[in-house]
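The values are calculated or read from the model by the stated rules, or taken from the named source; none is laboratory data. Since the model is a prediction, treat every value here as computed from it, not as a measurement. Using ideal geometry, Cβ is built from the backbone for each residue, glycine included, and neighbour counts are taken over all protein chains shown.
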């Protein structure tokens with residue numbers, strides 16, 4: 001049996017919710033309350049039990065972010081600044097979510113990696129065509145922190161079956177940006193694994 005309810009939130013609650021999530025206040029509050037009811041009902045019915053508050057918070061963060069901030073990876077800045085989690089806990093939860101194998105952000109990160117490697121992939125293909133000397137030439141590229149995790153996963157997979165494969169060298173990191181250099185021959189293998197143009 002489904003039940004339809006009407007809920008009125010006072011200004012303080014609306015302000016607290018909309019301070020963390022952009023968008024239309026009515027839509028944001030509706031989605032937020034739906035998640036809140038589902039989570040508490042799962043707890044009441046014993047469908048979800050958590051070993052610690054950090055376990056509980058990580059599930060809440062993931063659900064809220066997927067539904068209210070689908071284009072933003074829950075990073076330390078969001079969790080500490082908008083969700084008001086202690087800094088250490090924010091770091092841990094951000095890492096935990098980023099390393100989960102099935103999240104909406106994994107797919108987004110792979111797409112971002114493909115976009116960021118489009119030109120480097122063309123450069124690596126051209127270098128490999130020119131011969132062995134050029135194939136060892138380092139090609140630089142930049143991507144996001146989460147896309148770099150996807151790059152690491154791809155590189156680990158390639159290295160297991162290809163002893164000649166060389167990992168990228170990290171050059172710099174600031175904020176969400178990561179910079180790398182990689183031999184053209186190995187970069188072309190990454191591009192092939194991604195289904196990119198090389």
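Determine, yes or no, whether residue 191 is within 11 Å of residue 113 (Cβ to Cβ), assigned to a helix (DSSP H, G or I) and in contact with a helix residue (DSSP H, G or I) (Cβ under 9 Å, 6 or more places away or on another chain). Here the answer is yes, as residue 191 does meet what is asked.
Scanning the stretch 113-149 for residues that are within 22 Å of residue 95 (Cβ to Cβ), crowded, with 18+ Cβ neighbours inside 10 Å and touching a strand residue (DSSP E or B) at 6+ places or on another chain (Cβ under 9 Å) gives 113, 116, 143, 144, 147, 148. Every condition in (1) over 9 Å from the mean Cα position of the chain (by Cα); (2) surrounded by 15 or more Cβ atoms within 10 Å (Cβ to Cβ); (3) at pLDDT below 90 holds for residue 108 except the one numbered (1). Considering 185, 147, the condition of being part of a helix (DSSP H, G or I), closer than 24 Å to residue 67 by Cα and either modelled with pLDDT of 95 or more or not assigned by TED's automatic domain parsing to the domain that holds residue 52 (or both) is satisfied by 147 alone. Quick check on my filter: what residues within the stretch 150-169 are more than 22 Å from the chain's Cα centre (by Cα) and surrounded by fewer than 16 Cβ atoms within 10 Å (Cβ to Cβ)? Once the filter is applied, which keeps residues that are more than 22 Å from the chain's Cα centre (by Cα) and surrounded by fewer than 16 Cβ atoms within 10 Å (Cβ to Cβ), the stretch 150-169 yields 159, 160, 161, 162, 163, 164.
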